[in-house]
Amino acid sequence: MKAALNYALLIFKGNKSIFTSILLVAFAGFGIIFYLTNSNTLSILSEKNGFDTAKNYITAVQLAERTYFESSPILAILFPILNLIILQKIIYNPIEFTLPLSTKDRFFGIIIFCSLVFLINLIFIVLCNYIIQFYFQFNYLDLAKEGYDKLGYLYTKIPENSILYNANINLDVLKYSFIFFLFLPVYLVGILYFRKYSRLLSILIFIAYVYLSSLVMEHLWAGGFTQFINNEAYVKAYPYVLGSIAAIFAYISFYYLLKEKEVH
């Protein structure tokens with residue numbers, strides 16, 4: 001395992017722009033998606049008037065009713081995949097296949113590298129959600145609490161999923177972000193199996209995988225079997241179990257593809 005870790009760190013050290021590239025993609029993507037999905041929230045911000053207390057109360061209450069950044073869990077899955085597609089040639093570098101490493105160490109080294117990319121994106125998204133919460137609470141939390149009282153919303157609390165408590169979405173980010181590892185082997189198999197147009201084909205395979213998975217869950221599983229099962233936890237867990245089994249087979253395929261590349 002030490003050799004695998006050293007191999008993963010070697011990929012990072014050999015390409016000093018990786019960290020910057022990951023952060024740039026995450027920063028740009030987070031900003032664009034936040035702007036597109038929260039345009040109404042941002043338009044409310046422009047309505048604050050330092051000299052009109054009543055209007056500021058209304059603005060703060062309106063903001064309190066806006067939901068937190070619900071796209072965050074999806075971004076925690078999407079950003080690392082996007083980063084890995086961009087960094088594809090770094091992961092599959094024929095020169096590095098000449099290094100004296102066993103297939104097992106190379107396999108785990110690549111998985112560790114991908115996990116580090118995932119972790120950097122995850123930390124970035126979690127921190128951004130805290131920064132958004134800090135900004136809104138610093139400027140609007142006290143005003144919103146006063147606004148509920150002044151505007152007659154008695155016994156009304158700010159919702160837990162309010163943009164003012166934006167960091168609460170991080171619980172879902174941590175909960176669902178590990179779905180990334182169900183999609184990861186599909187990408188890894190794609191970059192090894194397809195030599196030409198591997199980026200495009202990897203993206204197409206990923207889209208097809210997501211589409212077919214959602215199709216199966218919607219029509220075959222959710223529409224066909226759940227009516228006979230009363231255990232809600234089982235109903236929710238079963239699709240993830242199926243996805244995990246499929247991912248394990250994909251990881252095994254990737255391992256043997258790596259071995260084949262080394263042999264030939």
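The values are calculated or read from the model by the stated rules, or taken from the named source; none is laboratory data. Here the structure is a predicted model, which means the values were calculated and not measured. Reconstructed Cβ throughout: ideal geometry from the backbone, glycine too, with neighbour counts over all protein chains shown.
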Inside the range 39-48, the number of residues satisfying the requirement of being surrounded by 12 or more Cβ atoms within 10 Å (Cβ to Cβ) and either closer than 14 Å to residue 68 by Cβ or touching a helix residue (DSSP H, G or I) at 6+ places or on another chain (Cβ under 7 Å) (or both) is 4
Considering the range 179-199 alone, what residues qualify as being modelled with pLDDT of 90 or more and surrounded by fewer than 21 Cβ atoms within 10 Å (Cβ to Cβ)? 181
Of the residues in the range 1-38, those that are outside any loop (DSSP other than H, G, I, E, B), modelled with pLDDT under 80 and surrounded by fewer than 13 Cβ atoms within 10 Å (Cβ to Cβ) number 2
For residue 139, are the conditions met, namely being at pLDDT 95 or above and either among the polar types (S, T, N, Q) or touching an Asp or Glu at 6+ places or on another chain (Cβ under 8 Å) (or both)? no
Does residue 129 satisfy being closer than 30 Å to residue 54 by Cα, out of contact with any Ser or Thr (no Cβ under 8 Å at 6 or more places or on another chain) and not small (Gly, Ala, Ser)? no
Please determine, by comparing only the residues of the range 137-154 that are of a type in the set (A, V, I, L, M) and either surrounded by 14 or more Cβ atoms within 10 Å (Cβ to Cβ) or touching a residue at least 40 places away in the same chain (Cβ under 8 Å) (or both), which one is farthest from residue 44 (Cα to Cα). 151
If residue 17 passes every condition in (1) touching a residue at least 12 places away in the same chain (Cβ under 8 Å); (2) closer than 19 Å to residue 114 by Cβ but one, which one does it miss? (1)
Got a sec? Which helices (runs of 4 or more DSSP H) wholly within the range 49-153 have at least 2 residues that are within 28 Å of residue 4 (Cβ to Cβ)? 72-86, 88-91, 103-136
Say whether the condition of being under 22 Å from the mean Cα position of the chain (by Cα) and either exposed (fewer than 13 other Cβ atoms within 10 Å of the Cβ) or modelled with pLDDT of 90 or more (or both) is met by at least one residue in the range 53-64. no
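When you check residue 202 against the structure, is it surrounded by 18 or more Cβ atoms within 10 Å (Cβ to Cβ), under 23 Å from residue 91 (Cα atoms) and either at pLDDT below 75 or out of contact with any Ser or Thr (no Cβ under 6 Å at 6 or more places or on another chain) (or both), yes or no?
Against the criterion (surrounded by 18 or more Cβ atoms within 10 Å (Cβ to Cβ), under 23 Å from residue 91 (Cα atoms) and either at pLDDT below 75 or out of contact with any Ser or Thr (no Cβ under 6 Å at 6 or more places or on another chain) (or both)), residue 202 qualifies.
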Quick test of your reading of the structure: residue 70 fulfils all but one of (1) over 16 Å from the mean Cα position of the chain (by Cα); (2) acidic (Asp, Glu); (3) at pLDDT 90 or above. Name the failing condition by number. (1)
Looking at 101, 122 in this structure, which one is buried (at least 21 other Cβ atoms within 10 Å of the Cβ), among the aliphatic types (A, V, I, L, M) and touching a residue at least 40 places away in the same chain (Cβ under 8 Å)? 122
